[in-house]
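Beneath this line is the structure, given in structure tokens, with notes to follow.
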Amino acid sequence: MTEPMNTPFLSGMHALVTGSTSGIGLGIARALAKRGCGLTLNGFGDEAEIAELCDELAGIASAPVAHHPADMRDPVQIETMMREAAAGRGTIQVLVNNAGIQHVAPIGEFPVDQWNDILAINLSSSFHTIRLALPAMVEAGWGRVINVASAHALRASPFKAAYVSAKHGMAGLTKTVALETAKQNITVNAIAPGYVETPLVAGQVADTARARGITEEEVLRDVMLLAQPTKKLVGIDEIAEFAVFLCTDAAASITGTVLPMDGGWSAK
Ligand code: NAD
């Protein structure tokens with residue numbers, strides 16, 4: 001077996017990454033592009049910036065890259081995205097379910113619309129993309145489904161009822177679909193990151209430092225990373241490169257897993 005991680009081994013393939021206009025999803029899209037993979041990006045953002053991003057990634061991949069603005073809350077828009085993506089760039093053989101949002105509130109005050117949105121985006125959208133992508137993966141005889149879950153797929157925290165429920169649900173969905181596709185050269189896995197170094201988290205660190213009158217280092221060590229033994233944020237690249245690894249032949253027997261990348265959080 002050759003070592004493909006540094007080669008364009010996904011050349012000729014097509015990956016769809018939900019929520020890939022920023023953060024972890026964009027990091028995964030970029031890492032797949034480096035391996036020659038054509039892409040469908042999805043997510044919100046400024047149209048001109050997204051068009052530039054598509055051009056940049058198409059240049060890196062030497063393959064077609066397009067964006068679909070489907071709202072992951074809406075099964076009809078998801079169906080349209082899956083149909084148009086496959087028609088435009090061929091069978092989706094790598095599906096990355098990454099779109100996600102968060103809302104923090106005690107259960108008695110948890111806004112019902114936030115509960116519905118979080119369940120729809122963080123869990124149900126993956127049910128829809130998977131059910132729509134699988135038949136073509138089966139026909140192609142190869143597929144990779146990578147679900148970006150969270151340490152909250154394995155552990156709970158107070159005030160995050162919807163997020164924790166959705167991410168635990170994603171773990172169940174991952175295991176179930178892995179069993180259903182086990183004999184078809186399709187693997188289905190979830191990555192479960194702890195706190196990741198995204199622009200959103202960096203902003204939260206700065207805000208908390210200001211609000212509490214402490215340094216950013218203290219926020220990281222004593223507030224945000226209280227549960228994360230390494231006391232370091234997980235790098236987007238670490239997650240992106242692991243997603244690439246899951247696409248290699250060396251990862252063919254890894255299926256149905258919920259793999260923590262959480263600096264030891266879930267070891268406790
Ligand atoms: P982010 O806010 O940077 O990116 C979220 C992406 O989802 C964006 O592209 C956004 O446009 C898109 N999105 C949001 N609502 C959408 C909708 N209704 N329809 C379509 N797209 C939508 O967030 P991130 O930190 O990169 O998080 C990505 C994933 O990683 C999420 O599922 C999140 O739960 C998970 N995660 C993040 C962390 C962290 O510390 N940042 C930790 C563990 C897990």
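The values are calculated or read from the model by the stated rules, or taken from the named source; none is laboratory data. Quick caveat, the model's predicted, so the values are computed rather than measured. Neighbour counts are summed over all protein chains in view; Cβ atoms, including those assigned to glycine, are modelled from backbone coordinates with ideal geometry. Note: areas computed on protein heavy atoms with side chains; ligands, DNA, RNA excluded. Shrake-Rupley method; radii C 1.70, N 1.55, O 1.52, S 1.80 Å.
What the table shows:
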item	result
Selected residue (criterion: nearest to the ligand (Cβ to nearest atom)) from residues of region 136-167 that are more than 20 Å from PRO193 (Cβ to Cβ) and not small (Gly, Ala, Ser)	MET137
Every residue from region 38-58 that is farther than 10 Å from VAL17 by Cβ and in contact with a His (Cβ under 7 Å, 6 or more places away or on another chain)	GLY38, ILE50, CYS54
Residue within region 190-204 that is charged (D, E, K, R) and under 16 Å from the mean Cα position of the chain (by Cα) present	yes
Any hit, region 177-193, residues being more than 15 Å from the ligand (Cβ to nearest atom), open to solvent by 40 Å² or more (accessible area, probe 1.4 Å) and aliphatic (A, V, I, L, M)	yes
In region 97-116, residue modelled with the lowest pLDDT [restricted to those that are away from the ligand (no atom under 16 Å from the Cβ) and small (Gly, Ala, Ser)]	ALA105
Unmet requirement for THR255, which otherwise passes all of (1) within 20 Å of the chain's Cα centre (by Cα); (2) surrounded by fewer than 15 Cβ atoms within 10 Å (Cβ to Cβ)	(2)
Meets criteria (within 30 Å of TYR195 (Cβ to Cβ), free of Cβ contacts under 8 Å to residues at least 60 places away in the same chain and of a type in the set (Val, Ile, Thr)) for ILE28	no
Top-ranked residue in region 226-246 [being in contact (Cβ under 8 Å) with a residue 24 or more places away in the chain, surrounded by fewer than 18 Cβ atoms within 10 Å (Cβ to Cβ) and more than 10 Å from ALA31 (Cα to Cα); ranked as farthest from the ligand (Cβ to nearest atom)]	PHE245
THR18 being more than 16 Å from PHE245 (Cβ to Cβ), open to solvent by less than 10 Å² (accessible area, probe 1.4 Å), in contact with a Ser or Thr (Cβ under 7 Å, 6 or more places away or on another chain) and of a type in the set (S, T, N, Q)	yes
Qualifying positions in region 206-225 - surrounded by fewer than 20 Cβ atoms within 10 Å (Cβ to Cβ), assigned to a helix (DSSP H, G or I) and not acidic (Asp, Glu)	ALA206, THR208, ALA209, ARG210, ALA211, ARG212, ARG221, VAL223, MET224
Filtered residues of region 228-268 (kept if farther than 22 Å from LEU179 by Cβ and part of a strand (DSSP E or B))	VAL234, MET261
Test: ASP249 is modelled with pLDDT of 95 or more, closer than 19 Å to VAL148 by Cα and exposed (fewer than 15 other Cβ atoms within 10 Å of the Cβ)	no
Helices (runs of 4 or more DSSP H) completely within region 71-163 that count 2 or more residues being within 13 Å of THR18 (Cα to Cα) and within 20 Å of the chain's Cα centre (by Cα)	75-89, 125-140
From THR187, THR198, residue being touching a Ser or Thr at 6+ places or on another chain (Cβ under 9 Å), touching a residue at least 24 places away in the same chain (Cβ under 8 Å) and within 23 Å of ASP117 (Cα to Cα)	THR198
Every residue from region 21-44 that is more than 6 Å from the ligand (Cβ to nearest atom) and either part of a loop (DSSP other than H, G, I, E, B) or among the β-branched types (Val, Ile, Thr) (or both)	ILE28, ARG35, GLY36, CYS37, THR40
